[in-house]
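For reference, the structure discussed in these notes is given below.
Here, each number is a calculation from the coordinates, and none is a lab measurement. In this text the structure is predicted, and so the values were computed from the model without any measurement. We place every Cβ from the backbone using ideal geometry, glycine too, and count neighbours over all the protein chains shown.
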Amino acid sequence: MNTVKQEVINILNKLPDDVDIDEIMYRLYVLDSIHKGLKDVEEGRTLTSEEVKQAIDSWYLSGQRKHFLI
């Protein structure tokens with residue numbers, strides 16, 4: 001398994017030479033999000049599909065759906 005540093009180097013090496021800083025930051029954000037998600041799975045911090053559906057229903061019915069469409 002690669003270190004985070006090696007993963008970042010691999011990502012940077014795959015980008016074109018004229019890449020802007022926003023694209024680099026976005027790619028690093030995605031990499032970090034993936035690592036956090038994998039850690040959550042390893043530590044059992046997940047929800048079933050039914051639990052997610054119930055949470056969405058709860059948000060929708062409570063009026064917390066400002067930008068959420070179902």
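Listed values, structure above:
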| quantity | calculated |
| --- | --- |
| Residue within the stretch 48-63 that is surrounded by 10 or more Cβ atoms within 10 Å (Cβ to Cβ), in a helix (DSSP H, G or I), aromatic (Phe, Trp, Tyr) and under 19 Å from the mean Cα position of the chain (by Cα) present | no |
| Any hit, the stretch 18-37, residues being surrounded by fewer than 11 Cβ atoms within 10 Å (Cβ to Cβ), on the phi > 0 side of the Ramachandran plot and either assigned to a loop (DSSP other than H, G, I, E, B) or out of contact with any helix residue (DSSP H, G or I) (no Cβ under 8 Å at 6 or more places or on another chain) (or both) | no |
| Where GLU43 falls short, out of the listed (1) surrounded by fewer than 10 Cβ atoms within 10 Å (Cβ to Cβ); (2) in contact with a Ser or Thr (Cβ under 7 Å, 6 or more places away or on another chain) | (2) |
| Checklist (1) exposed (fewer than 10 other Cβ atoms within 10 Å of the Cβ); (2) part of a helix (DSSP H, G or I); (3) under 21 Å from the mean Cα position of the chain (by Cα) applied to ASN13, failing item | (3) |
